[in-house]
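First the structure, in the form of C-alpha cells, and then the observations on it.
Throughout, read-outs are computed from the coordinates displayed, never taken from laboratory work. This one's a predicted model, so the numbers in the text were calculated from it and none came from an experiment. Ideal geometry is used to build each Cβ from the backbone, glycine not excepted, and the neighbour counts take in all protein chains shown.
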Amino acid sequence: MKRAIFPGTFDPFTIGHYSIVMRGLNLFDEIIIGIGVNISKKTLFSVEKRIEMIEHTFRDEPRVKVQSYNSLTVDFAQSVDAGFVLRGLRSVGDFEYERSIADANHKLIGVETILLFTESEYSYISSTVVRDLISYGKDISMFLPPN
Ligand code: ADP
C-alpha cells in the first residue's frame, strides 16, 4: 500500500490544495491530509473546523483521510506508516524551501518527498489570499474546492 501524507496548515483548504490531492490519488493508494498544529501560529479557522471542511470535501473519496498533528512532520509520517510526503510547488520560492525540508526529512527517516507542480490556473491561490478576501467580506467560492 503506497501511503502519502499531505502536510500543511490549510487555513483554509483551497482549490489549489484540492488539485494536488486529486492528482496525488493517481500516484498513491491513500493520502492522509495532515493539519500541522503549531500553538504559536494564529489561524483563522480552528483545527476542528478545518478537519470538518476537508472531510466534507472528500466525503465521497475513501482514499483520503484527515488528521491533525502537533509533532514534526517526519514523526507524523512514521506514526501513520507513510513512506511519502506530498507537497505542491507554486514558485521558485516554494522550491528552495521544499528542497531543504525534503532533504532533512529524507536524512531523518528516509521518507521520499513527491512534489507536484501546481496547475497554472491555481498558482496564484494561497490560503493567505483567501483569508484576506474573507476579512474584506468578498466571495471566495471560486478559490475553494467543490463541495
Ligand atoms: P504550509 O504552511 O506548510 O506551506 P499550506 O497549507 O500553505 O501549508 O500548503 C500546504 C501545501 O500545499 C504546500 O506544499 C503548498 O506548496 C501547497 N499549496 C498551497 N497552495 C497551493 C496551490 N495554489 N497550488 C498547489 N499547491 C499549493
Legend entry - Length-normalised contact order of the stretch 1-143 in % [C-alpha pairs under 8 Å, at least 6 apart]: 31
Inset, instruction - Name the residue, out of N70, N26, N105, whose mean-square fluctuation peaks in a Gaussian network model built on the chain with Cα pairs under 10 Å. - result: N26
Legend entry - Net charge dipole size for the stretch 3-143 [Lys, Arg +1 and Asp, Glu -1 on Cβ; Debye, nearest 20]: 260
Inset, instruction - Diagonalise the Cα gyration tensor of the stretch 53-125 and give the resulting equivalent ellipsoid semi-axes, square root of 5 times each eigenvalue, largest first, whole Å. - result: 21, 21, 10
Inset, instruction - Rank L25, L133, L86 by mean-square fluctuation in a GNM of the chain with C-alpha springs under 10 angstrom and give only the top-ranked residue. - result: L133
Legend entry - Choice from Y97, Y122, Y136 with maximal GNM fluctuation in the chain (Cα, 10 Å cutoff): Y136
Legend entry - Between 0 and 90°, nearest 10: helix 92-109 axis offset from the chain longest Cα axis: 40
Legend entry - Cα long-axis angle, helix 47-57 against the chain (0 to 90 degrees, to the nearest 10): 90
Inset, instruction - Report Rg (one decimal) and Dmax (nearest whole number) for the stretch 3-143, counting Cα atoms only, units Å. - result: 14.6, 44
Legend entry - Where trypsin sites (Lys or Arg not before Pro) in DSSP loops with at most 14 other Cβ within 10 Å are excluded, longest remaining stretch of the chain: 64-137
